[in-house]
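Asks: Dropping the structure in here first, questions after.
The values are calculated or read from the model by the stated rules, or taken from the named source; none is laboratory data. Predicted model, so just to flag it, every value in this text is computed and none were measured. In this analysis, Cβ positions are derived from the backbone assuming ideal geometry, glycine residues included, and neighbour counts consider all displayed protein chains. Calculation scope for accessible area: heavy atoms of the full protein, side chains included, ligands and nucleic acids excluded. Shrake-Rupley method; radii C 1.70, N 1.55, O 1.52, S 1.80 Å.
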Amino acid sequence: MYRPFIKGTNWALAGILSLLGFTTNSCEKEGVVEYGAPHANYILKGKVTNEAGQPIPDIQIDIREEYSYNYYESEYEEVATIQSDREGKFEHKVHSGFTQGQYQLILTDIDGEKNGLYQKDSLQVKFEKEDQIEKGSRWFEGTFEKEIPIIMKEETEDE
């Protein structure tokens, strides 16, 4: 009598646990980070100008996120490629659970001589506590926003 009861109980528990496991892992929200990993939203925005302060459209911005797998090593992984608009402005939101808010922006003039020729450049962006615009709760650390002014240098003939 106990054997069928235990067997039935085991099947019921296995069914309940598998349903709970599937329902918590099948969220359709964008950027869901599971199992209690710290995560946050990072908003990178700014304006690309030349040295005279004029906006530069059509600058390609490759956004790479720094991943630190241990204390001594880190790598960059590309998360997005965007372009500056007619006014030189750009904006991109990254939902991340693997970084400390460190990004590399690689800037490339992709329109040829249309708006002048500009040197390829890169810069590091690190979000700090004062960049936080929205507090998080528990494992969600909130939303951070950073305004990034970018000044591109024109190419010279000897380059």
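Asks: How many of the residues making up segment 121-132 are surrounded by 11 or more Cβ atoms within 10 Å (Cβ to Cβ) and among the basic types (Lys, Arg)?
Replies: Total satisfying the criteria: 1.
Asks: Filtering segment 1-24 down to residues that are modelled with pLDDT under 70 and open to solvent by 70 Å² or more (accessible area, probe 1.4 Å), which residue is farthest from Gly142 (Cα to Cα)?
Replies: Step by step, filter segment 1-24, then rank; the result is Met1.
Asks: If you don't mind, another one. Within segment 133-152, is there a residue that is over 22 Å from the mean Cα position of the chain (by Cα) and open to solvent by less than 90 Å² (accessible area, probe 1.4 Å)?
Replies: Scanning segment 133-152, I find at least one residue that is over 22 Å from the mean Cα position of the chain (by Cα) and open to solvent by less than 90 Å² (accessible area, probe 1.4 Å), so the answer is yes.
Asks: What is the residue count in segment 31-50 for residues that are among the charged types (D, E, K, R) and either modelled with pLDDT of 90 or more or in a strand (DSSP E or B) (or both)?
Replies: The number of residues fulfilling the criteria is 2.
Asks: Right, something else. Return the total of residues in segment 58-82 being surrounded by fewer than 16 Cβ atoms within 10 Å (Cβ to Cβ), in contact with a Phe, Trp or Tyr (Cβ under 7 Å, 6 or more places away or on another chain) and modelled with pLDDT of 90 or more.
Replies: 1
Asks: Looking at segment 59-83, I want the residues that are of a type in the set (Gly, Ala, Ser) and have a partner that is open to solvent by 80 Å² or more (accessible area, probe 1.4 Å) and at pLDDT 85 or above with Cβ atoms under 9 Å, at least 6 apart or on another chain. Which pairs are those?
Replies: Listed pairs, sorted by first residue: none to list.
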